[in-house]
Amino acid sequence: MIQKPKGTVDILPGQVEIWQAIEKTARDIMAKYRFNEIRTPMFESYDLFARGVGETTDVVTKEMYDFYDKGDRHIALKPEGTAPIVRAFIENKLYGPEYIKPYKVYYISPMFRYERPQGGRQRQFHQLGVEVFDGKTALSDVETIALAWEILETLGVKDLKLVINSLGDNEARLNYREALINYLKPFEEELSEDSKTRLYQNPLRVLDSKDPKDKEIVKDAPNILDYLSEASKERFEQVQSLLTALNIPYQIDSNMVRGLDYYQDTIFEIMTNSEVFGAETTICGGGSYSGLVKELSEGREDVPGFGFAIGMERLILLLEAQKSDLAVENPLDIYMVTIGQSVVREALQIVQALRRQGLNVEFDLNQRKPKKQFRDADRHGAAYTLTLGESELAEKNINVKNMTSGQEHHFAIDDVIEHFDQVKEAMKEGND
């Protein structure tokens, strides 16, 4: 039997409703902030990620699904959302004067990374994320962080903790890079194998190591905040001031660097404690990536960017573990029960008319016995059943039953299919 690939899951009816509820909640909130949806291809040029994400990152060196297509083009399934959207921003000239700035978009999309599957982490996974282009001030940073915070709070994630840091501009990163290498050199033999590789290629990633020995070594490493330019210091101070103004609590972690090379200035993570992962876990992360538009457009004038991504699988596990009361809606308004084959044609017409009223209606396509139809109506949680038999059809009426109260009455078929809301009101008043 052919089975699904390792690291993928089937999201079945009964499970997909939580996905839909999260997406609807997030879409409604993002609309308030004036973000519009963007959709990019599932695969892109390999070079987009090598240049945009960073050739020394784990994503590119270890995790990316890449292949050569029939035209011998080097292609990669997208492992993250920012680089493709920057590419779309450049290619479609969304920087033009005809577009309102800042240019704000969001995406909800599958991503692909080859790594060991575990709880909340699959080889095909899904991210909900946003990108803001040409937001030139700390206000853009904070509004975007506030959006992420509101989404997670509204969904009911408990014990949220916001952690922020600044990586500074290019000059600050270069100066800090040199200082960090000088600090780490004496410990080179004690570092993990991954950190030895990163030491000269991308030493900031050593700060992000999960290896216990590495974490002990970097504990006394130079502080990147001491290397910020005056402009970066001022921006980071404004971020803190504005977060305080919004009553969003935060902590500063100068060792937080994020996993991708394009970040500069403000970065952030939102964490929570959860038994499902056994420790504090990050559910949202992002930051500023000024320089990425210039890098991917081969010299075009730079456009600042800021964004974040939320892992959907991890978020759903958290909501389930924290017993969130997120409303998952899949109501069935009416179940049509038929008695006898002679009424099926008219019953189908009634069902379609009710659906055109905007009601959710189920109909037994297999035309089983009424007892089984009533059982299914109960299993579906139908609010009402309509029962049509030969006698009802002859009298041009239909039986309506409230499945919660058990109350039932006969109504004219025309009244039911034209004004079912009035039928419900009449039943509440005890009239037929």
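The values are calculated or read from the model by the stated rules, or taken from the named source; none is laboratory data. No experiment lies behind these values; they were computed from the predicted model shown. Positions of Cβ are backbone-derived with ideal geometry, glycine not excepted, and every protein chain shown enters the neighbour counts. To get the accessible areas, we keep the full protein, side chains included, count just its heavy atoms, and leave off ligands, DNA and RNA. Shrake-Rupley method; radii C 1.70, N 1.55, O 1.52, S 1.80 Å.
Here are some notes:
- Residue satisfying condition, being of a type outside the set (S, T, N, Q), closer than 28 Å to Lys233 by Cβ and surrounded by 20 or more Cβ atoms within 10 Å (Cβ to Cβ), within set Glu80, Glu131: Glu131
- For segment 282-314, a residue qualifies if it is in contact with a helix residue (DSSP H, G or I) (Cβ under 9 Å, 6 or more places away or on another chain) and of a type in the set (Lys, Arg), and exactly one does: Arg300.
- A Cβ distance below 7 Å, combined with a sequence gap of six or more or placement on separate chains, defines the contacts here; from segment 290-318, residues that are part of a loop (DSSP other than H, G, I, E, B) reach residues that are of a type in the set (Gly, Ala, Ser) in the pairs Ser290/Gly305; Asp302/Ser290; Asp302/Gly291; Pro304/Gly135; Pro304/Ser288; Pro304/Ser290.
- Being out of contact with any Asp or Glu (no Cβ under 9 Å at 6 or more places or on another chain), of a type in the set (A, V, I, L, M), surrounded by 15 or more Cβ atoms within 10 Å (Cβ to Cβ) and over 30 Å from Val16 (Cβ atoms) is a property that holds for Ile417.
- Selection from segment 135-179 of residues that are of a type in the set (Asp, Glu), under 13 Å from Ser288 (Cα atoms) and modelled with pLDDT under 95: Asp169
- Residues of segment 253-268 that are assigned to a strand (DSSP E or B) and either modelled with pLDDT of 95 or more or of a type in the set (Gly, Ala, Ser) (or both): Phe268 alone.
- Across segment 180-201, the qualifying residues are those that are open to solvent by less than 20 Å² (accessible area, probe 1.4 Å) and either hydroxyl-bearing (Ser, Thr, Tyr) or under 34 Å from the mean Cα position of the chain (by Cα) (or both), and the one among them that is farthest from Thr282 (Cα to Cα) is Leu199.
- Check on Val206, open to solvent by less than 20 Å² (accessible area, probe 1.4 Å), among the hydrophobic types (A, V, I, L, M, F, W, C) and assigned by the TED database to the domain that holds Thr266: no
- The residues of segment 108-122 that are over 13 Å from Gly311 (Cβ atoms) and either in contact with a Ser or Thr (Cβ under 6 Å, 6 or more places away or on another chain) or buried (at least 19 other Cβ atoms within 10 Å of the Cβ) (or both) amount to a single one, Phe112.
- Among (1) free of Cβ contacts under 8 Å to residues at least 40 places away in the same chain; (2) surrounded by 19 or more Cβ atoms within 10 Å (Cβ to Cβ); (3) over 21 Å from Pro203 (Cα atoms); (4) of a type outside the set (S, T, N, Q), the one test that Phe49 misses: (3)
- The residue that is nearest to the chain's Cα centre (by Cα), among those in segment 134-148 that are open to solvent by 20 Å² or more (accessible area, probe 1.4 Å) and of a type outside the set (Val, Ile, Thr), is Glu143.
- Some residue of segment 272-281 being of a type in the set (D, E, K, R), in contact with a helix residue (DSSP H, G or I) (Cβ under 9 Å, 6 or more places away or on another chain) and in a loop (DSSP other than H, G, I, E, B): yes
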